[in-house]
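Asks: The structure under discussion is supplied below as structure tokens; questions concerning it will follow.
The values are calculated or read from the model by the stated rules, or taken from the named source; none is laboratory data. Predicted model, so just to flag it, every value in this text is computed and none were measured. Don't worry about glycine lacking a Cβ; one is built from the backbone with ideal geometry, like all the others, and counts go over all protein chains shown. SASA here: full protein model, heavy atoms, side chains in, ligands and nucleic acids out. Shrake-Rupley method; radii C 1.70, N 1.55, O 1.52, S 1.80 Å.
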Amino acid sequence: MATIAVRLRVGVRHRSMAFLVAIGLASAAAAPPAHPSDPPRSAPDFETQVIPVLTRAGCNSGACHGAAIGRGGFRLSLLGYDPSFDFDSVVNEFEGRRVNAVHPEKSLVLRKPSLDIDHQGGLRLPSAELGFQVVRDWIAAGMPRSGQRKLERVEVTPPSIVLPRVGDQFSIRVTAYFREGDRIVPDDVTRWAVMSASDPAAATVGTDGNISALRRGQIPVLVRFLSEVSAVTVTVPIGDSPGTPTARPVSNFIDEHVNRTLDELRLPQSPRASDIAFARRAFLDLIGALPTPTEVESFVLDTRDDRRARLIEHLICRPEFVDLWSYKWGDWLRIESRRLQPEGAAAFHHWVRDCVQRNTPVDAMIRDLLAASGDAHQVGAANFHRVASDARTEAENVSRLFLGVRLQCANCHNHPLDRWTQDDYHGLAAVFANIDRGRNVRRLARGEVIHPKTGQAAAPKIPGGAFLTQVSGKPAPAKESGATVATAELPGDAAIEPSLGADRSDRLNADPLKDLSEWLTSPDNPFVARAFVNRVWRELMGRGLVEPVDDHRASNPATHPELLQALTLDFASHGFDMRHLIRSIVSSEAYQRSSTSTPGNADDDRFYSKYLVRPLPPHVLVDAVSKVTGVPERFEGITSGTTASALGDSRIPSEALDLLGRCARDTECIATAASGGSLPLTLHTINGAWLNAKISDPAGLVGRKLGTGESVKEFIAECYWLALCRAPTPSELDHWLDPLAAGGPERRRDVGQDFLWALLNCTEFCCNH
Amino acid sequence: MVRCDGVNRREFLRVGALSALNLGIADALRRRSLADGGNRLRNCILLWLDGGPSHLDTFDLKPDAPVEVRGDFKPAQTSVPGIQVCEHFRRLSGMMDRVCLVRSMTSELGEHNFGRHYLLTGYKPTPVLAYPSYGSVVAHVRHDLASPAALPSYVAVPQFSEEAANGYLPGSTRPFAVGGDPSRPDFRVRDLNMPDAMDADRLERRRQFLADFDRLSDQVEKNAISQNRDAHFEQAYRLIFSPEAKRAFDLGLENSAVRQQYGPHRIGQSCLLARRLVEAGCPFVTVTDNGWDTHGQIYRELKEGFVGGYAGRIPLLDQALSALLDDLTVRGLLDETLVLVMGEFGRTPKLNTAAGRDHWPRVFSVLLAGGGVRGGQVIGASDSRGESPAERPVTPTDLARTVYTLLGIEPNQEFHTSDGRPVKVSPGGQVITECIG
């Protein structure tokens, strides 16, 4: 009997324990069919037993009766989020003709999906199946709507699985814990859970929870039961080497996590990047500028063991670091003058620069942003409220940026893939309802957001937590009310939840905005830190641990959940210190690896077995081209000498930046991982003025060097050092010498320009690697 | 000299030679569309009248309404008995047999951005998702049917608004904006021509040098970014070296009588450029005409343009549109080219105090011609004061389903957003069946 090694990982608080269990394939496959295992009840429970049948059969999906307008006149709430509505639809609507208490199996809700009579949705609930019987028994029992049984939580075991080979199988088990009175009763609900691989080409999932791997790699399998969604990660090693992987270098805690995943996947890692490659990379990532040949030289000549740490420290303290990271903050906060006016954008940018310069803790920045008021042309942070056009947009901005969550699905219906409800969405919007977003940012005496379901003003609410007022529109009775702000919980990561979700019992302020700010920045709220570390990780590592960065949810698991948790904790316990976070990441071996693949890891784009190559951001590329050619970019109305990375406003005119695709900052900008320009940009690169003017400028590189009779060899070497931060190889030098040396001065000038043009378009220059 | 995934210079010559053999592109297209069977792919020229044209002063006049509603213009009989349009469509009124008017368009969105989004995508705007416009959907569906002339699949003349862009679809389906003013003598499509200091030899050298740099360096492996870049460079070189593409963009090559027929103005020459592009194989061109947001002095704006002017919006549109329809007919392109004329909404039935009309989405008109549309008919009607649809209300969603059907694109086809959400091209609405000939 073949046995497979199944690794069970149980995340408990900060620790995670891993142990190996050997399970016979046959016994796994022969797991007893799941069946409600608790003692027989008089009638199935509508909320926790009937609705799961409907969900499992697909009745309440968005494409069928769960659509906003229903289907064929029959409407259910999307994925059963509103049991009362569904009860009404099934039992009372249509003059009660959907159910037949006397002959339950003659009920319309059973005859149609079992195809006893014509059903456009086809066969959904065969009469021989258990689901049919559950619904029939419930109707036979008189269609009770007790609601006494409440779902507490769902546990999927094991939470992660390593399958050694493609084709191997394993069954997962889904257990729901129900509260019945004061008891918590577990129930095996595997056969009622909806399970699917996030990539159907990577794994199949049978109705009995049997997972079969079709591909190598890390495959999230989503499991939904009622409102709870969780993900099981199935790992099939990518590498083939059966023995222990080669020793993996460790610089800090990041590497321990990254290496563990590489071990699981049996992926070999690329060697450490050379000092020269590291220098170029660190300069571009940390300060957005190419190193000068002298800077590269002095780094390479440094023989001290800690030279990389020293370089990181040096770069983090450079003034250009403030430029670059303020630019990133500008993208995140969406600083642009069309909405904020040039004065507002300038004030906001100034505030950001000041924070980055002083290394203001990120939580303090958030408190400032939410609390600021006054003349937005003077008070930089006050512009934060003005970026949104209204309260709902502000709620979306805040949830994306600070919570890392896309709440907007919950505008119109409860989030189908997450726990967010319409109450959460409109409740968060209500927190921002009374803000005057004019130039003079202030709080108005009143303001409301209408909840589309009730038609009434929505009550301010912490997402996933407590309401902040008792009666909509009226402020909550102050602190003596005894109401509590919700415990912060991370729906996206069961592993993090217990460790950070310690109970809080803060009293409410009279001001919902202040409550929100306190909740967001409280030390045991993991959202802000988690969202922020993931953003910064993406900037430095080329891919978020969760992608997209503003879409943390249980059904979109991180590639390295424990690493994300560790980074979150480390960031929070180091006082939300951005420089500390950046230093930790770039000090890791994972960051410092070569970008060149090693046999076996060529296809890796998310496990950090090599540095991920990426295009230079538009502003960095513009600055790099200026630096290499020696012809600075001028921006209208901006002090000359200002680099593109130091610009504070995305509306400052620049054809080059527009064509390169800078973030206009009117929406969240999430650059696609594999960019590579556009047709207009390429045409402009070939024929347009930006690059051609810089190359042919008499005061530029070609004009200064070739014109003054510098030897061709030196010219070639200088170009390589300036643009690629390295010397040409002998074969490169050899290749270029002849074409560049031939002909008279005019031809040599033209060929020199063409050489420089090609250099500034080659992949090695345009990418960070 | 071949870049690994690309076309070499000989290839350009070969493409050029093909057309010299008189294998007209229009013929090639026709063959392709016939081969597609029932799902016949058609091209589209969209005339976007930005600002919202007044239905009451263009295609849906109310001569019997009170003076504050009916305004200055008189209805004129057209070549189709029973159909009247504004008297200032002097040329167009003679070709109503090729035109289908829908007079019962109705929407709830009376704000420009919302209206644009609704009319150009068929979807009401939502903060959750930006939907792709018609042109981007066409470019997405037809991305693998590369134009023989190396033309982009979606061209905007001269510019486009974000609502006319790609929404959630990939950036490769954004419109290629030609920029500038096609009626100016010095009009050139941006960056299509080499700068003065450059010539083909130097361009070829740069191309070669760039390939050399990438080949000689072992620092960066080939990856998705470099592949995208290479693809863009190949597309750009093809465009720059493609005589057909250059010709398609070059209005100077057009017969001067034809240029005059379209009129020496922006919308006229823009329509001519659109015709040249479609003829050369570009499946979707949007021509944007500004100035239809007539809140004041509507009759001067629409008739003279300015005090003492010779032509306002209507005569200019009349000349451009009639020339376009005639030209497409003469070239045998009308049946495979849908011409769609519309704006974001209509205008208030009652004239305001500034002698203008404000936004009015409740009822308005759109014009369709060619591309499988049955001409010589009016669909729907507004009520006696042009306030609401009186019969057969048609929503922008219905229109979208109709347009996609005419263009040979299955409305229920599913695309995916970047976060994997499936979205259908145009799931709602009903096809305006009587519109299709």
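Asks: So, in the range A:669-710, how many residues would count as being open to solvent by 50 Å² or more (accessible area, probe 1.4 Å), more than 7 Å from chain B (Cβ to nearest Cβ) and at pLDDT 70 or above?
Replies: Result for the range A:669-710: 6.
Asks: Only one of (1) within 26 Å of residue A:592 (Cα to Cα); (2) at pLDDT 95 or above is not met by residue A:735, so which one is it?
Replies: It fails just one condition, (1).
Asks: Could you list, in sequence order, the residues of the range A:290-331 that are farther than 25 Å from residue A:641 by Cβ and of a type in the set (Ser, Thr, Tyr)?
Replies: If the condition is that a residue be farther than 25 Å from residue A:641 by Cβ and of a type in the set (Ser, Thr, Tyr), then A:303 is the only one that fits.
Asks: Whether any residue in the range A:407-427 is within 18 Å of residue A:371 (Cα to Cα) and of a type in the set (A, V, I, L, M) is what I want to check. I'd like the intermediate steps shown before the answer.
Replies: Going through the range A:407-427, the residues within 18 Å of residue A:371 (Cα to Cα) turn out to be none.
Scanning the range A:407-427, I find no residue that is within 18 Å of residue A:371 (Cα to Cα) and of a type in the set (A, V, I, L, M), so the answer is no.
Asks: May I pose another question? Return yes when residue A:402 is in contact (Cβ under 8 Å) with a residue 60 or more places away in the chain and either open to solvent by less than 10 Å² (accessible area, probe 1.4 Å) or part of a helix (DSSP H, G or I) (or both) and no when it is not. It would help to see each step written out before you state the result.
Replies: Values: in contact (Cβ under 8 Å) with a residue 60 or more places away in the chain: yes; either open to solvent by less than 10 Å² (accessible area, probe 1.4 Å) or part of a helix (DSSP H, G or I) (or both): yes.
Criteria met by residue A:402.
Asks: Pick from the range B:171-203 the residues that are polar (S, T, N, Q) and in a helix (DSSP H, G or I): which of them is nearest to the other protein chains (Cβ to nearest Cβ)?
Replies: Just the residues of the range B:171-203 that are polar (S, T, N, Q), to begin with: B:172-173, B:183, B:193.
If we keep only those that are in a helix (DSSP H, G or I) as well, we get B:172-173.
Working: B:172: 8, B:173: 11 Å.
Only one residue fits best here, namely B:172.
Asks: Restrict the check to the range B:233-242 and report whether at least one residue is more than 12 Å from chain A (Cβ to nearest Cβ), assigned to a helix (DSSP H, G or I), touching a residue at least 12 places away in the same chain (Cβ under 8 Å) and not aliphatic (A, V, I, L, M). Give the derivation first.
Replies: We begin by selecting, within the range B:233-242, every residue more than 12 Å from chain A (Cβ to nearest Cβ); these are B:242.
Still in the running and assigned to a helix (DSSP H, G or I): none.
No, there is no match, as no residue in the range B:233-242 is more than 12 Å from chain A (Cβ to nearest Cβ), assigned to a helix (DSSP H, G or I), touching a residue at least 12 places away in the same chain (Cβ under 8 Å) and not aliphatic (A, V, I, L, M).
Asks: Find the residue count for the range B:412-424, including only residues that are open to solvent by 40 Å² or more (accessible area, probe 1.4 Å), within 14 Å of chain A (Cβ to nearest Cβ) and not basic (Lys, Arg). Break it down into steps so the answer makes sense when it comes.
Replies: The initial filter retains those residues of the range B:412-424 that are open to solvent by 40 Å² or more (accessible area, probe 1.4 Å), namely B:412-414, B:416, B:418-422, B:424.
In the following step, the residues that additionally are within 14 Å of chain A (Cβ to nearest Cβ) were identified as B:412, B:414, B:416, B:418-422, B:424.
Those left that are additionally not basic (Lys, Arg): B:412, B:414, B:416, B:418-420, B:422.
Of the residues in the range B:412-424, 7 are open to solvent by 40 Å² or more (accessible area, probe 1.4 Å), within 14 Å of chain A (Cβ to nearest Cβ) and not basic (Lys, Arg).
Asks: Next question. Are any of the residues in the range A:308-315 more than 27 Å from residue A:768 (Cβ to Cβ) and either within 14 Å of another protein chain (Cβ to nearest Cβ) or open to solvent by less than 40 Å² (accessible area, probe 1.4 Å) (or both)?
Replies: Restricting attention to the range A:308-315, the residues satisfying the condition of being more than 27 Å from residue A:768 (Cβ to Cβ) are none.
Checked against the condition, which is being more than 27 Å from residue A:768 (Cβ to Cβ) and either within 14 Å of another protein chain (Cβ to nearest Cβ) or open to solvent by less than 40 Å² (accessible area, probe 1.4 Å) (or both), the range A:308-315 yields no hits at all.
Asks: Give me the residue from the range A:144-193 that is polar (S, T, N, Q) and not in a loop (DSSP other than H, G, I, E, B) and, out of that set, farthest from residue A:46 (Cα to Cα).
Replies: Here is the first cut: in the range A:144-193, the residues polar (S, T, N, Q) are A:146, A:148, A:157, A:160, A:169, A:171, A:175, A:190.
Going one step further and asking which of them are not in a loop (DSSP other than H, G, I, E, B), we end up with A:157, A:160, A:169, A:171, A:175, A:190.
Numbers: A:157: 26, A:160: 31, A:169: 34, A:171: 28, A:175: 18, A:190: 18 Å.
Restricting to residues being polar (S, T, N, Q) and not in a loop (DSSP other than H, G, I, E, B), the top hit is A:169.
Asks: Would you call residue B:299 out of contact with any Pro (no Cβ under 9 Å at 6 or more places or on another chain), open to solvent by 10 Å² or more (accessible area, probe 1.4 Å), assigned to a helix (DSSP H, G or I) and hydroxyl-bearing (Ser, Thr, Tyr)? Spell out how you get there, then give the answer.
Replies: Details: out of contact with any Pro (no Cβ under 9 Å at 6 or more places or on another chain): yes; open to solvent by 10 Å² or more (accessible area, probe 1.4 Å): yes; assigned to a helix (DSSP H, G or I): yes; hydroxyl-bearing (Ser, Thr, Tyr): yes.
Considered against the rule, which asks whether it is out of contact with any Pro (no Cβ under 9 Å at 6 or more places or on another chain), open to solvent by 10 Å² or more (accessible area, probe 1.4 Å), assigned to a helix (DSSP H, G or I) and hydroxyl-bearing (Ser, Thr, Tyr), residue B:299 comes out as yes.
Asks: Do you know which residues across the range A:344-388 are without any contact (Cβ under 8 Å) to a residue 60 or more places away in the chain, over 28 Å from the mean Cα position of the chain (by Cα) and not in a helix (DSSP H, G or I)?
Replies: Correct list: A:378 only.
Yes/no per residue for (1) farther than 30 Å from residue B:114 by Cβ; (2) modelled with pLDDT under 90; (3) of a type in the set (Lys, Arg):
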| site | (1), (2), (3) |
| --- | --- |
| B:7 | yes, yes, no |
| B:11 | yes, yes, no |
| B:31 | yes, yes, yes |
| B:37 | yes, yes, no |
| B:57 | no, no, no |
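Asks: Whether any residue in the range A:420-432 is at pLDDT below 90 and either within 30 Å of residue A:347 (Cα to Cα) or within 14 Å of chain B (Cβ to nearest Cβ) (or both) is what I want to check.
Replies: yes
Asks: Okay, moving on. What about residue B:247, is it touching a Leu at 6+ places or on another chain (Cβ under 7 Å) and either aromatic (Phe, Trp, Tyr) or open to solvent by 10 Å² or more (accessible area, probe 1.4 Å) (or both)?
Replies: On the way: touching a Leu at 6+ places or on another chain (Cβ under 7 Å): yes; either aromatic (Phe, Trp, Tyr) or open to solvent by 10 Å² or more (accessible area, probe 1.4 Å) (or both): yes.
Taking the combined requirement at face value, the residue satisfies it.
Asks: Identify the single condition in (1) open to solvent by 30 Å² or more (accessible area, probe 1.4 Å); (2) in contact with a strand residue (DSSP E or B) (Cβ under 8 Å, 6 or more places away or on another chain); (3) of a type in the set (Lys, Arg) that residue A:280 does not satisfy, given that it satisfies every other one.
Replies: (1)
Asks: Can you pull out every residue in the range A:626-661 that is away from every other protein chain (no Cβ under 14 Å), open to solvent by less than 20 Å² (accessible area, probe 1.4 Å), part of a helix (DSSP H, G or I) and out of contact with any Asp or Glu (no Cβ under 8 Å at 6 or more places or on another chain)?
Replies: Passing the criteria: only A:657.
Asks: So, in the range B:151-170, of the ones that are facing chain A (nearest Cβ under 9 Å) and in a loop (DSSP other than H, G, I, E, B), which residue ends up modelled with the lowest pLDDT? Lay out the reasoning, then the answer.
Replies: To start, the set of residues in the range B:151-170 that are facing chain A (nearest Cβ under 9 Å) comprises B:152, B:162, B:170.
Right, trim to in a loop (DSSP other than H, G, I, E, B) and you get B:152, B:170.
Details: B:152: 86, B:170: 75.
This residue is B:170.
Each row is one residue, and each column tells you yes or no for (1) open to solvent by 10 Å² or more (accessible area, probe 1.4 Å); (2) in a strand (DSSP E or B); (3) in contact (Cβ under 8 Å) with a residue 40 or more places away in the chain.
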{"position": "B:338", "(1), (2), (3)": "no, yes, yes"}
{"position": "B:398", "(1), (2), (3)": "yes, no, no"}
{"position": "B:401", "(1), (2), (3)": "yes, no, yes"}
{"position": "B:405", "(1), (2), (3)": "yes, no, no"}
{"position": "B:410", "(1), (2), (3)": "yes, no, yes"}
{"position": "B:426", "(1), (2), (3)": "no, no, yes"}
{"position": "B:430", "(1), (2), (3)": "yes, no, no"}
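Asks: Just to be sure before I move on: is residue A:248 open to solvent by 10 Å² or more (accessible area, probe 1.4 Å), under 30 Å from residue A:216 (Cα atoms) and in contact with a helix residue (DSSP H, G or I) (Cβ under 8 Å, 6 or more places away or on another chain) in the structure I sent? Let's see the steps before the verdict.
Replies: Values: open to solvent by 10 Å² or more (accessible area, probe 1.4 Å): yes; under 30 Å from residue A:216 (Cα atoms): yes; in contact with a helix residue (DSSP H, G or I) (Cβ under 8 Å, 6 or more places away or on another chain): yes.
Answer is yes for this residue.
Asks: If you don't mind, there's one more thing I want to ask. Being in a strand (DSSP E or B) and open to solvent by 30 Å² or more (accessible area, probe 1.4 Å) is true for just one of B:378, B:366. Which residue is that? Let's see the steps before the verdict.
Replies: Values: B:366 fails: open to solvent by 30 Å² or more (accessible area, probe 1.4 Å).
Exactly one of B:378, B:366 is in a strand (DSSP E or B) and open to solvent by 30 Å² or more (accessible area, probe 1.4 Å), namely B:378.
Asks: Please count how many residues of the range A:540-557 are closer than 15 Å to residue A:254 by Cβ, touching a residue at least 40 places away in the same chain (Cβ under 8 Å) and either within 14 Å of chain B (Cβ to nearest Cβ) or open to solvent by 10 Å² or more (accessible area, probe 1.4 Å) (or both). Don't jump to the end; show me each part of the working.
Replies: Applying the first criterion (closer than 15 Å to residue A:254 by Cβ) to the range A:540-557 yields A:540-545.
With the extra rule that they be touching a residue at least 40 places away in the same chain (Cβ under 8 Å), the set shrinks to A:540-543.
Narrowing further to those that are either within 14 Å of chain B (Cβ to nearest Cβ) or open to solvent by 10 Å² or more (accessible area, probe 1.4 Å) (or both): A:542-543.
Matching residues across the range A:540-557 total 2.
Asks: Which condition breaks for residue B:282 when tested against (1) at pLDDT below 95; (2) touching a strand residue (DSSP E or B) at 6+ places or on another chain (Cβ under 7 Å); (3) over 23 Å from residue B:41 (Cβ atoms)?
Replies: Failed condition: (3).
Yes/no matrix, rows are residues, columns are (1) in contact (Cβ under 8 Å) with a residue 24 or more places away in the chain; (2) in contact with a helix residue (DSSP H, G or I) (Cβ under 7 Å, 6 or more places away or on another chain):
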{"site": "A:700", "(1), (2)": "yes, yes"}
{"site": "A:721", "(1), (2)": "yes, yes"}
{"site": "A:737", "(1), (2)": "yes, yes"}
{"site": "A:742", "(1), (2)": "no, no"}
{"site": "A:746", "(1), (2)": "no, no"}
{"site": "A:758", "(1), (2)": "no, yes"}
{"site": "A:763", "(1), (2)": "no, yes"}
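Asks: Among the residues of the range B:204-226, which ones are assigned to a helix (DSSP H, G or I), facing another protein chain (nearest Cβ under 7 Å), out of contact with any strand residue (DSSP E or B) (no Cβ under 7 Å at 6 or more places or on another chain) and not charged (D, E, K, R)?
Replies: At the first step, the residues of the range B:204-226 found to be assigned to a helix (DSSP H, G or I) are B:204-216, B:224-226.
From what's left, facing another protein chain (nearest Cβ under 7 Å): B:205-206, B:209-210, B:212-214, B:216, B:224-226.
This time we only want the ones that are out of contact with any strand residue (DSSP E or B) (no Cβ under 7 Å at 6 or more places or on another chain), so: B:205-206, B:209-210, B:212-214, B:216, B:224, B:226.
Those that are assigned to a helix (DSSP H, G or I), facing another protein chain (nearest Cβ under 7 Å), out of contact with any strand residue (DSSP E or B) (no Cβ under 7 Å at 6 or more places or on another chain) and not charged (D, E, K, R): B:209, B:210, B:213, B:216, B:224, B:226.
Asks: Taking the condition away from every other protein chain (no Cβ under 14 Å), over 25 Å from residue B:363 (Cα atoms) and part of a loop (DSSP other than H, G, I, E, B), does residue B:349 pass? Spell out how you get there, then give the answer.
Replies: Values: away from every other protein chain (no Cβ under 14 Å): yes; over 25 Å from residue B:363 (Cα atoms): no; part of a loop (DSSP other than H, G, I, E, B): yes.
Criteria not met by residue B:349.
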